[in-house]
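Notes for the one structure printed next.
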Amino acid sequence: MRAERWAAVALAGVLLLAGCDAAPAVDAPQQTAAATVGEPLAKRATHQLRLPPHGAVVDYQIGWGYRPPAGIGGVVRDVTDVPAPGMWSACYVNGFQTQPADRRTWLRKHPNLVLRDAKGKPVSDPDWPDEMLLDTSTAKKRAAIAKVVGVQVKRCAKRGFDAVELDNLNSWTRSHGRLRMSGAIDLAKRLVAVGHAAGLAVAQKNGSELGSKGRDKAGFDFAITEECVRYDECSAYTKVYSRVLDVEYDTRRWSKVCADRQRPSSTVLRDHDLRTPGQAGYVFKKCRARS
């Protein structure tokens, strides 16, 4: 994830393995779409999954939820938050790395599930050194990770969210060769199964390297990207998924972003710290609808 960390992290650490909820569930809207959208029939669940409303712009609110701006058709919020009343809402879960506040919990309760270097020290994300990579190198470890992280996925459904995004899917690219794409896809498949069983649509978060594998092998239903316009990789997602949500952070490039014909229809500009309205530095913009 390229965005800065947010205030909800501390609360997430308390909740990760506690098995309790800090906020009541909120009923989510019944915006439905066939579970087979963009996917092979044999690989989809039989129930209906709630994908982002077609053509709607979705605000990225994982810093903490606030009243959606005018013209917004959905939100993405942290697992510790609650859905936006009357609006499609997705839930953020860090699926492949540990949250900063969870470090001690993972090292104490699940030390063998944290990736280690040659000296036995935890391997951290070079851009986010307070996050440790989870060890997806074996099927046994992937099953154990899915069981732990699956608690959060189920919590999203319990709170009334329509969907879940699983962050840091491409953490294998930051493992110095210790992890492989195949391990990430297998863990994703396990977590997608948990989400589908709970009635949630599941988003691929970044990971353009996967091509169609995220859909066909892991079973993702849609995609959430960060700066796909800036990195010229939007088509890697839009060719695979019928629903793609993009978040951009560079205010200097915003006019070019909106002019880019390859950008997803749901493209928003946010500040790196993902602040809320009223906080200094808060940024939110959306492109005008295409004519």
Tell me the trypsin sites (Lys or Arg not before Pro) within segment 67-158 that lie in a loop according to DSSP and have at most 10 other beta-carbon atoms within 10 Å.
119
Lysines whose Cα lies under 21 Å from that of residue 239, excluding same-chain neighbours fewer than 8 positions away
43, 189, 205, 213, 217
Give the cross-link partners of residue 121 among the aspartates and glutamates, using a straight C-alpha distance below 19 Å as the criterion and excluding same-chain residues fewer than 8 apart.
102, 130, 131, 135
Show the residues, 5+ positions off or on another chain, whose built amide H is closer than 5 Å to the amide H of residue 131.
125
Might you work out the accessible area of residue 54 for me, using a 1.4 Å probe with all protein chains in place, and round it to the nearest 10 Å²?
150
Accessible area of segment 175-274 divided out per residue, in Å², using a probe of 1.4 angstrom:
39
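The values are calculated or read from the model by the stated rules, or taken from the named source; none is laboratory data. Because the structure is a prediction, the values reported are computed rather than measured. Please note: Cβ atoms are built from the backbone with ideal geometry, for glycine as well, and neighbour counts cover all protein chains shown. When the accessible area is computed, the model is the full protein with side chains, heavy atoms only, and any ligands, DNA or RNA have been set aside. Shrake-Rupley method; radii C 1.70, N 1.55, O 1.52, S 1.80 Å.
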